[in-house]
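Here is the structure we will look at.
No value in this document is a laboratory result; all are computed from the given coordinates. The shown structure was predicted, so the numbers you read here are calculated from the model rather than taken from an experiment. Virtual Cβ from ideal backbone geometry, glycine too; neighbours counted across all protein chains shown.
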Amino acid sequence: MYGTMRLLHPESRGFYEALVMEECIQRHLRPLHLHHPETHDHSLRVGLRAIDLGYANGLEGRVLRTLGYAALMHDRGKTGVPRYILAREGEVTEEEMEIMRGHVRLGFMLLSDFPNPKVRVGMVGHHEHTNHPYPRNGKERRQTIRNKSDRRNPDEEARRIGEIIAIADMFDALHSKRCYREPLSPDEIAKILAKQFKGDPQYIDQVLQWCERN
Ligand SMILES: [Fe+2]
Ligand SMILES: [Fe+2]
């Protein structure tokens, strides 16, 4: 699944392999695997890719751990999305899209007992670096700026974690084979990310390096 994945940093794989075996992660990955194996496998790849980007950008060990946990758990809430929606190949209805978007808030709730509380604060931002951010949009964020402790106003560490997971998540979706299409080419991935990723463009250059020998 990710054995041949090209990585930017030699230590990423070892770090990831130790993290993913921890019981606090396994107990959340099991239900995801039972519900939708493809989402489970995608979560593992996004976990490894996010850790790799973290290493490549010099994140220190404590932040790297939080990032790794959050990336592995980023779609935890998809256990609440019916399989028929997750498996949908074509267009989804607006109602189904609403249910799908709900996976972020559900994941936030399901991770309430996670030993590291920063994990869910970082995770909750993983769809907020695109043209159509959710669950918090720019308007909501501006309205709540008064309260700095509010989870809707992540600190710089949480914001960065959300941004790295976002690009790893988008890359993985574009680069993976789907039942209705082959993986996209590096040029196609570059074009889509340039249009849709609203974060630091340096991450785009870095993730494209994953393409070379995959
Ligand atoms: Fe997601
Ligand atoms: Fe995802």
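Some values worked out for this structure:
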{"item": "Cβ-based exposure ranking for Met123, Met170, Met97, Met5, in which fewest neighbours within 10 Å come first", "result": "Met97, Met5, Met170, Met123"}
{"item": "Among 48-61, 68-81, the order from most to least packed when residues are scored by Cβ within 10 Å on average", "result": "68-81, 48-61"}
{"item": "Taking all pairs of distinct alpha-carbon atoms in the chain, Kirkwood radius in angstrom", "result": "17.4 Å"}
